[in-house]
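Since the structure comes first, as structure tokens, the remarks are kept for the end.
The values are calculated or read from the model by the stated rules, or taken from the named source; none is laboratory data. It should be emphasised that the depicted structure is a prediction, and the values quoted were computed from it without experimental measurement. Reconstructed Cβ throughout: ideal geometry from the backbone, glycine too, with neighbour counts over all protein chains shown. Surface areas here come from the heavy atoms of the whole protein model, side chains and all, with no ligands, DNA or RNA. Shrake-Rupley method; radii C 1.70, N 1.55, O 1.52, S 1.80 Å.
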Amino acid sequence: MDFAGAYSADNLKFLLDGLYVTLIVAFTAIILSFLLGCIIGVVRYAKVPVLSQISFVFVELIRNLPLLLIIFFMRFALPEVGIKLGLMTAAIAALTIFEGAMISEIVRGGLTSVDKGQIEAGRSSGLTGVQTLWHIVLPQGLRRMVPPLVSQFISLLKDTSLAVIISLAELMHNAGIIIGHGYNYTIPTLLLVALIYFTVNYLLSVLSKRLETKNA
Amino acid sequence: MKKSWKLLSVMMVVALFILAGCGNNGNNAGGSNAAAGEGGLAAIKERGKLQVGVKFDTKLFGLKDPSSGQVEGFDIDISKAIAKHILGDENAIELKEVTSKTRIPMLNNGEIDMVVATMTITEERKKEVDFSDVYFQAGQSLLVKKGSPVKGLADITKDSTVLGSKGSTSVKNIKEKVPGVTVLEFDNYQDAFTALKTGKGDALTTDDSILYGMAAQDPNYEVVGEPFTDEPYGIAVQKGNSEVVKAINDTLAELKSSGEYDKIYEKWIGKAPAK
């Protein structure tokens, strides 16, 4: 094991470059998948005709496939039908679709958990269905969704490492190149990468705890 | 419940048909592109740049340097020579990262003109791509501590202990070549190399291209003897791209006759190629 060699200034900078890509991909996908998840979740909760059925098939199809397959599909199958995506776009698209399907179930669950009496109260005080959803059900449901949503976002951040399969220059990919320079760099490099993933994800969950207590 | 099952299966079948339909159209379009010479010599010249798929994480062959961002190695020097032959400029080249899993899809997608990435020529792969002549003759060999009595396969007897990687063909090969030899198998090459350093075995065996990489990391170790298996590395191009194969083979022949090949070989491997 060669800690000094593995942790040279150049190697550390190289790992930070990888972390930067990881964070960009993760945060873009978190925002997009949350939006997608909310839309699908609400559509299915409100049982919007046709859209609700399409969403059902989409969610069942996507969440029962491995993410690795979806990433590979975006990178190598889409160009076959004329859609060419960059490496980063392919990774973000795959993560958005996959995590969006997961999140839609969290959203639907959160909304369903709101007591029926709340809806009846909203409707009988003269609000329309949409108004009831927006002012009464969503605020209460969202609060309950925070813990499972954060778990899902943490999963998403870790799942970005699967994009190593398409050679996206994220954290794990750059770690692999450093390890390529010397077998005795393997353990020091992987330890550091583990620490980086842990720190980022732990910060994310601390942040969510704050959010929960503030909203409670 | 029953209704939703029915609905799900109907929609899945519809989705599959739509996907299959798209796939067919796409394949046809892709096929005609390839026939028009997507990765052909004319296309490369028109582009003015050779797009080559190389490894970014393999010591001696294709390895990215974190400080300079440059990719360096035997495969890269060979690629530059090909760019010089086709375009007259060794820097008219774009290196794209490939792995063992992505190199054939990327080649057939037309993203790269050729794969120069420690790719062994096999009958199986010949069904999918066309190969150039052998550009690097790899084979299984032995790594020992300098000054070891082991000078080659002949010095390995049934009393020797050989280190290898779990479940690899190299372990199977050494057991066939030296019946009764003790083989200690490790999860990865790093563990096997550590075991060799701590004296747990007489030699470490795997492909010499990997062993040379280990020797480059620790000068107290060396690769001994001739390779005793045949792992010919070839440069892969899209099937039917005979012009490009010819250009590559011409380059390799020039490199060999001018002595440039031996220079590149020595620069990375540390010794002259076996004749």
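If the requirement is being on the phi < 0 side of the Ramachandran plot and open to solvent by 70 Å² or more (accessible area, probe 1.4 Å), which of these qualifies: A:Leu51, A:Leu65?
A:Leu51
Any residue in region A:165-181 that is buried (at least 17 other Cβ atoms within 10 Å of the Cβ), in a helix (DSSP H, G or I) and without any contact (Cβ under 8 Å) to a residue 12 or more places away in the chain? The answer is yes, given that some residue of region A:165-181 is buried (at least 17 other Cβ atoms within 10 Å of the Cβ), in a helix (DSSP H, G or I) and without any contact (Cβ under 8 Å) to a residue 12 or more places away in the chain.
Condition (residue is surrounded by fewer than 20 Cβ atoms within 10 Å (Cβ to Cβ), more than 14 Å from chain B (Cβ to nearest Cβ) and within 30 Å of A:Ala6 (Cα to Cα)) applied to region A:118-128: is it met by at least one residue? No, region A:118-128 has no match at all. Restricted to region B:158-172, and to residues there that are hydroxyl-bearing (Ser, Thr, Tyr) and open to solvent by less than 70 Å² (accessible area, probe 1.4 Å), the residue that is nearest to B:Gln217 (Cα to Cα) is B:Ser165. Tallying residues that are surrounded by 14 or more Cβ atoms within 10 Å (Cβ to Cβ) and outside any strand (DSSP E or B) within region B:113-157 yields 14. Scanning region A:75-111 for residues that are free of Cβ contacts under 8 Å to residues at least 12 places away in the same chain, open to solvent by less than 30 Å² (accessible area, probe 1.4 Å) and in contact with a Gly (Cβ under 7 Å, 6 or more places away or on another chain) turns up nothing. Check whether at least one residue in region A:44-66 is under 27 Å from A:Ala175 (Cα atoms) and touching a residue at least 24 places away in the same chain (Cβ under 8 Å), and report yes or no. Within region A:44-66, none of the residues are under 27 Å from A:Ala175 (Cα atoms) and touching a residue at least 24 places away in the same chain (Cβ under 8 Å).
Hey, any hits in region B:218-233 for a residue that's outside any strand (DSSP E or B), free of Cβ contacts under 8 Å to residues at least 60 places away in the same chain and open to solvent by less than 20 Å² (accessible area, probe 1.4 Å)? For region B:218-233, residues outside any strand (DSSP E or B), free of Cβ contacts under 8 Å to residues at least 60 places away in the same chain and open to solvent by less than 20 Å² (accessible area, probe 1.4 Å): absent.
No other residue among B:Lys200, B:Lys246, B:Lys256, B:Lys175 is in a helix (DSSP H, G or I), open to solvent by 50 Å² or more (accessible area, probe 1.4 Å) and outside the structural domain of B:Lys126 (by TED's automatic domain parsing) apart from B:Lys175. Answer yes if at least one residue in region A:149-163 is at pLDDT 90 or above, within 14 Å of chain B (Cβ to nearest Cβ) and open to solvent by less than 20 Å² (accessible area, probe 1.4 Å), and no otherwise. Yes. Of everything listed in (1) closer than 19 Å to B:Leu50 by Cβ; (2) more than 14 Å from every other protein chain (Cβ to nearest Cβ); (3) open to solvent by 10 Å² or more (accessible area, probe 1.4 Å); (4) in a helix (DSSP H, G or I), the single unmet condition for B:Ile104 is (2).
Each residue in region B:230-271 was checked for being in contact with a helix residue (DSSP H, G or I) (Cβ under 6 Å, 6 or more places away or on another chain) and within 28 Å of B:Leu204 (Cβ to Cβ), and 4 pass. The condition of being under 16 Å from A:Thr160 (Cα atoms), over 15 Å from the mean Cα position of the chain (by Cα) and surrounded by 14 or more Cβ atoms within 10 Å (Cβ to Cβ) holds for only one of A:Phe72, A:Phe14, that being A:Phe72.
Scanning region A:1-54 for residues that are of a type in the set (S, T, N, Q) and within 13 Å of chain B (Cβ to nearest Cβ) turns up A:Ser8, A:Asn11, A:Ser52, A:Gln53. Candidates are the residues of region B:63-89 that are within 9 Å of chain A (Cβ to nearest Cβ) and not in a loop (DSSP other than H, G, I, E, B); the one that is nearest to A:Asp17 (Cα to Cα) is B:Lys64. Among the residues making up region A:31-48, those that are within 21 Å of A:Ile71 (Cβ to Cβ) and open to solvent by less than 20 Å² (accessible area, probe 1.4 Å) are A:Ser33, A:Gly37, A:Ile40.
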